[in-house]
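See structure below.
The values are calculated or read from the model by the stated rules, or taken from the named source; none is laboratory data. Just so it is clear, the structure is predicted and the values come from calculations on it, not from any experiment. Here the Cβ positions follow ideal geometry from the backbone for every residue, glycine too, while neighbour counts run over all protein chains shown.
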Amino acid sequence: MTRPLVLLHGLWDTPRLFGRLETELLRRRPSLELYAPHLPHRFGAVPIRELAAQLAALIEARFSAGQDLDLFGFSMGGVIGRTWLQQHGGHRRTRRFVCLGSPQQGTLTAQLVPHRLLAGIADMKIGSPLLRDLDRDRHLLDPLDCHSLFSPTDITVFPGWRAVLPVGSRRALPVLTHRQLIVHPRAIERVADVLLAS
């Protein structure tokens, strides 16, 4: 049986961001159940731990307790997903975790952002308390099928090679910008390949 796929959007985005990816996924696998919850970030003011708690409640309401899932996160959505996996027990029911342009090792573009004003963005600073906590428990990701996709020339997650998980495969995509990772046809094709791999 095909596992449902949960899609997590990033900062300043909504689930509409996934339109092209969803079309490609359903073209290849029409029976796939997709769930793309809306997680309001308030322009980056909501802490990532709070967003992960919201995600936990939404997943609990949507799926039965015994239902295994696959998880995909774009940009900040990947850090929210990882926080749910490691701090809300999500690793126990997730089989595949795919991140796209996600600052799992932080990004220099967030370094000067004040936590008291934009806590969610500040959580993505290099060496932030959240990222240090996640790294301490990185072993929780070991049983999962993890994949990191990124653009080496990304300036949103900068430098681009920081957009990788501490475990699993790492693959650079042939696009130039952060936005192209989720809208360019070449990127969509590669992302779908990874998400639908048997």
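Answer with yes or no whether R82 is in a helix (DSSP H, G or I), under 16 Å from the mean Cα position of the chain (by Cα) and charged (D, E, K, R).
Values: in a helix (DSSP H, G or I): yes; under 16 Å from the mean Cα position of the chain (by Cα): yes; charged (D, E, K, R): yes.
Yes.
Scan the stretch 180-198 for residues that are farther than 15 Å from T23 by Cα and touching a Gly at 6+ places or on another chain (Cβ under 9 Å) and jot them down.
At the first step, the residues of the stretch 180-198 found to be farther than 15 Å from T23 by Cα are 180-181, 194, 197-198.
Passing the criteria: only L181.
Of the residues in the stretch 90-121, how many are without any contact (Cβ under 8 Å) to a residue 24 or more places away in the chain and more than 17 Å from P4 (Cα to Cα)?
Looking only at the stretch 90-121, we keep the residues that are without any contact (Cβ under 8 Å) to a residue 24 or more places away in the chain, and these are 92, 110-112, 114-116.
Then keep just the ones that are more than 17 Å from P4 (Cα to Cα); that gives 110-112, 114-116.
Qualifying residue count, the stretch 90-121: 6.
Scan the stretch 1-23 residue by residue and report those that are assigned to a helix (DSSP H, G or I), within 15 Å of the chain's Cα centre (by Cα) and closer than 24 Å to M124 by Cα.
Our first condition is that a residue be assigned to a helix (DSSP H, G or I); within the stretch 1-23, this holds for 15-23.
With within 15 Å of the chain's Cα centre (by Cα) added as a condition, the list becomes 15, 17-18, 21.
Correct list: P15, L17, F18.
Assess whether S128 counts as being buried (at least 18 other Cβ atoms within 10 Å of the Cβ), more than 16 Å from the chain's Cα centre (by Cα) and either hydrophobic (A, V, I, L, M, F, W, C) or at pLDDT 95 or above (or both).
Values: buried (at least 18 other Cβ atoms within 10 Å of the Cβ): yes; more than 16 Å from the chain's Cα centre (by Cα): yes; either hydrophobic (A, V, I, L, M, F, W, C) or at pLDDT 95 or above (or both): yes.
Yes: the conditions hold for S128.
Assuming G120 fulfils every condition listed in (1) crowded, with 21+ Cβ neighbours inside 10 Å; (2) more than 24 Å from L25 (Cα to Cα); (3) in contact with a Leu (Cβ under 6 Å, 6 or more places away or on another chain) apart from one, which condition is it?
Against the list (1) crowded, with 21+ Cβ neighbours inside 10 Å; (2) more than 24 Å from L25 (Cα to Cα); (3) in contact with a Leu (Cβ under 6 Å, 6 or more places away or on another chain), G120 comes up short only on (3).
Tell me, which residue of the stretch 138-164 that is in a loop (DSSP other than H, G, I, E, B) and in contact with a strand residue (DSSP E or B) (Cβ under 6 Å, 6 or more places away or on another chain) is farthest from R3 (Cα to Cα)?
We begin by selecting, within the stretch 138-164, every residue in a loop (DSSP other than H, G, I, E, B); these are 142-144, 151-159, 163-164.
Right, trim to in contact with a strand residue (DSSP E or B) (Cβ under 6 Å, 6 or more places away or on another chain) and you get 144, 152, 163-164.
Details: L144: 14, P152: 31, A163: 25, V164: 24 Å.
Of everything passing the filter in the stretch 138-164, P152 is farthest from R3 (Cα to Cα).
Say we look at the stretch 24-58 and pick out the residues that are in a loop (DSSP other than H, G, I, E, B) and small (G, A, S); which of these is nearest to the chain's Cα centre (by Cα)? It would help to see each step written out before you state the result.
Residues of the stretch 24-58 that are in a loop (DSSP other than H, G, I, E, B), as a first pass: 29-33, 36-47.
Subsequent filtering for residues that are small (G, A, S) retains 31, 36, 44-45.
Numbers: S31: 23, A36: 12, G44: 15, A45: 18 Å.
Only one residue tops the list, namely A36.
For the stretch 85-128, which residues satisfy the criterion of being part of a loop (DSSP other than H, G, I, E, B) and basic (K, R)? Before you say what the answer is, go through the steps one by one.
If we filter the stretch 85-128 for residues that are part of a loop (DSSP other than H, G, I, E, B), which is where we start, we get 88-89, 93, 101-107, 111-118, 123-128.
Within the stretch 85-128, R93, R116, K125 qualify.
Would you check which residues across the stretch 82-109 are within 21 Å of P159 (Cα to Cα) and surrounded by 22 or more Cβ atoms within 10 Å (Cβ to Cβ) and list them? Quick ask: steps written out before the conclusion?
The initial filter retains those residues of the stretch 82-109 that are within 21 Å of P159 (Cα to Cα), namely 82, 98-109.
Scanning the stretch 82-109 gives R82, V98, C99, L100, G101, S102, P103, Q104, G106, T107.
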